[in-house]
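*Asks:* Okay, handing you the structure first.
The values are calculated or read from the model by the stated rules, or taken from the named source; none is laboratory data. Since the structure is predicted, the reported quantities are computational estimates derived from the model, not experimental observations. All Cβ positions, even for glycine, are placed from backbone atoms using ideal geometry, and neighbour counts span all protein chains on display. When the accessible area is computed, the model is the full protein with side chains, heavy atoms only, and any ligands, DNA or RNA have been set aside. Shrake-Rupley method; radii C 1.70, N 1.55, O 1.52, S 1.80 Å.
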Amino acid sequence: MKGYRKYFGKKILWFFLTLFIAFILNFTLPRLMPADPVANIMSRTARGVQDAAVTKAMHESYVKAFGLDQPLIKQFITYVKNALTGDFGLSFSQYPRKVNDIVSSAILWTIGLQMPAIIVGWLIGNILGALAAYIRKGFDKLLMPLSLFLSCVPAFGMAVILLGIFAVKLKVAPIAGGYGYDLIPTFSWTFVKSLIAHYQLPFWSIVIISIGGQAIGMRSMSIYELNADYVKYSRFLGVKDRKIVGYVFRNAMLPQVTGLALSLGTMVGGALVAEVIFSYPGLGSIILDAVTASDYPLLSATTLIITIMVLVATFVIDIIYGFIDPRVKAAQFD
Amino acid sequence: MKNTIRQIFHSPKFVAGFSIFVIILIILFVYPLINPGDPLQMIGLSSFSKPGTYVSVYDAIDTEKAIMKLPNADEKRLQNKLSDEDRIAMKEWLLATGTPEEEIDITDTDHLLKLWKDKYDPSIKPKGMTMAKRNYYKRLNTNLEKALDANEVVIATRNTEDGTLDETKTVKDTEYVNTKDVVNSIYLPLGTDNFGRDVLKELVSAAKTSLRIGLIAGSIATLIGLTFGLLAGYLGGFIDDFIMFITNLFTVIPGFILLILISYGIGQEQRGATTVAIVIGVTSWTWTARSVRSQVISLRNRDHVNLSKLSGHSLARIILTDILPYIASYVVMALILQISTAILAEAQLSMIGLGPKTTEVPTLGLMMNWSMLYSAHTHGYWWAYFPVLLIIALISFSLNLMNTGLDQVFNPTLRD
């Protein structure tokens, strides 16, 4: 068990360390902005106020309310404390709504859309890549350039194309949103049906995009493994082809698991923009709203949550990897 | 060196990618010479004009006419006048008055009109049809009759003194003008965008800017990655640990999020194309550093490196002459990939409104952003966004293809 404990201990330590750094980055980067942070909200609230003394007082009260008069370290501690208890303050653009209320519902939409889509895309991509490496010939000749091209279409591009074909031209799918505008989220049959109908296009656009890159990676890994000495040796020994393919697939799969952990950030970024295209009620659309309305608290909370989500997902993949990689398993006998 | 280049150009994948890329480059540089002018000039006052040739209606009246009798000219004219709604309405009437459904084909204009002439009778009052609807059919019928009879349009000018209309010209349905003879005409191969700008001209300029962003960002990312990778891999020890710590950190924290935070921090005013490129470069070097490091580690203990060390060569010289040449092919491949990811990153960033400042230069991402903001995609104005996507995909595809080709040349295990 020692090997496992060491592996997991290292991963957990690493997880908290990155989390801490993520907090720092999320806190400091926007504060590097040269402009006055209160200026934005002032321009909204102090509209029409003529008296200079009044605006100055307003400005001071805002600086106090946002805690900007305190030292940076103290601000950071308050920020982390509030973030950990789930309090992200008030939204500028949708004042007086709390950032919490806006973001919390969006998280579910984003996870519900992206997690299945990325997993399905990853699985299909790996299977296709392995098949291409094993069959070669026609299948490979067709699949390779196609997946290469698909992986070059940005996620939002695929979203726009699917939207143009299926929603605008063929009218078989709804154009925007997570469910019909005429519905209220309940567990009724019509709502679920509308939910599924709205789910299709965003889902498949993310799946198709991730297939391409994964298939290419898996193909080269499988080819590499198929040329490895152990495969040749097994062939000499007369091991059945099916069994060899099993070994090869497993060995090629392992780097793909780490590959998923490493590319997760990029994939999520692409998928967020795809959400924007479909006006899917997830975090991507919220980022767009926050940017256009220069609503800083909302943007900050959203980016922090996405970072945490990616960190957690990477952590989970690392843990799973520890269980399936025989080398980590072997380490426990050391 | 010569041999390597020959080998590279024997790889079909590399050659294919290279040709696509060069063709795109040639178009990008030649097109502005053929069609000069400001790419951001708003030539149209209406937004999203369809692709095609636009001739001035005003000038066409005075242009020399040719008399022609084209086959099916009348039919085409009618077809154009009959909207889909009218056709469906006509079908409704025909159904209501007892024509069997299989006889009606609303796509066949000739047949439909014949049926209509036979069956329509304003005195019939189909059951359940409102007065308004019956009046609509009456109007439709008179319109159709007019369209069939009229073969002359009168052009009149207003008399400045008493405001009466004076007939100056009649236009017959057999008159044609040569589009080349019309003084004012413009050919818009990709129509106009939401601001009424020539999409093709804008696209060419945007692709150039995006390539420049890609090149700057890619070079910066590769340079940082290369330096870090070389230092970490060759020096090892504490420096290695430290650099790898930072690298791992920025691998897990999504680069896209960093990009959003930094771009937002910079603010709209300061964000030019070059600034965005630098930001992209600074946030995307991690995997280059990672792979350069692992390559350097495998090189570090080779005999020729040890020999150099024993000869007392300086660190810079060992890295430049004994290590860099061995990973040069790899670095070129990394650079190519970085350029293509940077172009995508710019596009994604612009899509959420954090792209370069909008007034100076178009970029591919900004063009996408504008067409999405004005809902070109939901209205089916494909010319405003599809060519942009195609160019992004083609540039990225050609670069990736080159990269795969190079990979197969330098990694014999991957060869087909």
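*Asks:* Contour minus end-to-end for B:Ala328 and B:Leu95, with contour as 0.36 nm per residue of separation and end-to-end as the Cα-Cα distance?
*Replies:* On the way: separation 233, 0.36 × 233 = 83.88 nm, distance 7.56 nm.
Contour length minus Cα-Cα distance gives 76.3 nm.
*Asks:* Could you give me the radius of gyration and the Dmax of the protein assembly as shown, taking only the C-alpha atoms into account and expressing both in angstrom?
*Replies:* Calculated on Cα positions, Rg and Dmax stand at 32.1, 110 Å.
*Asks:* Greater than 25 Å separation of Cα atoms is the criterion. Which listed pairs, B:Lys91/B:Lys146; B:Lys50/B:Lys201; B:Lys117/B:Lys146; B:Lys50/B:Lys81; B:Lys117/B:Lys169, meet it?
*Replies:* Table pairs above 25 Å Cα-Cα are B:Lys117/B:Lys169.
*Asks:* In degrees between 0 and 90, to the nearest 10, how far off the longest principal axis of chain A does helix A:189-226 point, with axes built from Cα atoms?
*Replies:* Tilt relative to chain A: about 50 degrees.
*Asks:* Under 17 Å from a label point 7 Å along Cα→Cβ of B:Glu269: give me every residue in the range A:44-84 with its amide N that close.
*Replies:* Within reach of a label on B:Glu269, which here means backbone N under 17 Å from a point 7 Å along Cα→Cβ, the range A:44-84 contributes A:44.
*Asks:* For A:Lys10, which aspartates and glutamates qualify as cross-link partners when the Cα separation must be under 14 Å and same-chain residues fewer than eight apart are set aside?
*Replies:* Answer for A:Lys10, where 14 Å is the Cα cut-off: A:Asp318, listed by chain and number.
*Asks:* While we're on this one: Report, in debye and to the nearest 20, how large the dipole of the protein assembly as shown comes out about its Cα centre when Lys and Arg carry +1 and Asp and Glu carry -1 on their Cβ.
*Replies:* 3100 debye
*Asks:* Report the charge-dipole magnitude of the range B:191-334 in Debye, nearest 20, computed about the Cα centre from +1 at each Lys and Arg Cβ and -1 at each Asp and Glu Cβ.
*Replies:* Here the size comes out at about 220 debye.
*Asks:* Give a residue-ordered list of calculated ³J(HN,Hα) values for the range B:298-308 (Karplus: 6.51 cos²θ - 1.76 cosθ + 1.60, θ = phi - 60°; whole Hz; x for Gly, Pro).
*Replies:* 6, 8, 3, 9, 5, 4, 5, 5, 4, 4, 4
*Asks:* What nm value, rounded to one decimal, do you get for the distance between A:Ile196 and B:Leu390 when each label is placed 7 Å out toward the C-beta?
*Replies:* Reported label-point gap for A:Ile196 and B:Leu390 is 3.7 nm.
*Asks:* Shifting gears a bit: Please report the relative contact order for chain B, taking Cα pairs under 8 Å with a sequence separation of at least 6, and give it as a percent rounded to a whole number.
*Replies:* Taking the mean separation of contacting Cα pairs over the length of chain B, I get 25 percent.
*Asks:* Chymotrypsin sites (Phe, Trp or Tyr not before Pro), restricted to the range A:115-208: which are DSSP loop and have at most 11 other Cβ atoms within 10 Å?
*Replies:* Values: sites: A:Trp122, A:Tyr134, A:Phe139, A:Phe149, A:Phe156, A:Phe166, A:Tyr179, A:Tyr181, A:Phe187, A:Trp189, A:Phe191, A:Tyr199, A:Phe203, A:Trp204; in loops: A:Tyr179, A:Tyr181, A:Phe187.
Answer in residue order: A:Tyr181, A:Phe187.
*Asks:* As I understand it, the dipole of the range B:56-185 uses +1 on the Cβ of Lys and Arg and -1 on the Cβ of Asp and Glu, about the Cα centre. Which of B:Pro100, B:Leu82, B:Ala156 lies farthest toward its positive end?
*Replies:* Of the listed residues, the answer is B:Pro100.
*Asks:* So for B:His377, B:His10, what's the accessible-area order with a 1.4 Å probe, most first? Display every interim value, and only then the final one.
*Replies:* Details: B:His377 15, B:His10 140 Å².
Solvent-accessible surface, decreasing: B:His10, B:His377.
*Asks:* Nearest 10 degrees is fine. How inclined is helix A:137-152 to the longest principal axis of chain A, computing both from alpha carbons?
*Replies:* 10 degrees
*Asks:* Given the convex hull of the Cα atoms of the range B:56-185, what is a quarter of its surface area in nm²?
*Replies:* If I average the Cα hull's projected area over directions, I get 11.5 nm².
*Asks:* Would you mind giving the average projected area, over all directions, of the Cα convex hull of chain A in nm² with one decimal?
*Replies:* Convex hull of Cα atoms, orientation-averaged projection: 24.1 nm².
*Asks:* Compare the peptides B:272-279, B:389-396 by average per-residue count of other Cβ atoms within 10 angstrom and give them in order, highest first.
*Replies:* B:389-396, B:272-279
*Asks:* Any chance you could give the angle, 0 to 90 degrees and rounded to 10, that helix B:237-252 forms with the longest Cα principal axis of chain B?
*Replies:* Around 10 degrees separate the two axes.
*Asks:* Moving on. Using +1 at the C-beta of Lys and Arg and -1 at the C-beta of Asp and Glu, which of B:Leu366, B:Thr341, A:Gly157 has the Cα lying farthest in the positive direction of the dipole of the protein assembly as shown?
*Replies:* Most positive-ward Cα: B:Thr341.
*Asks:* Okay, next question. Which of A:Leu84, B:Ile67, B:Pro387 sits farthest toward the positive end of the charge dipole of the protein assembly as shown, with +1 on the Cβ of Lys and Arg and -1 on the Cβ of Asp and Glu?
*Replies:* A:Leu84
*Asks:* Distances longer than 37 Å among the Cα atoms of chain B: what percent of all pairs is that?
*Replies:* So the pairs more than 37 Å apart make up 51 percent of the total in chain B.
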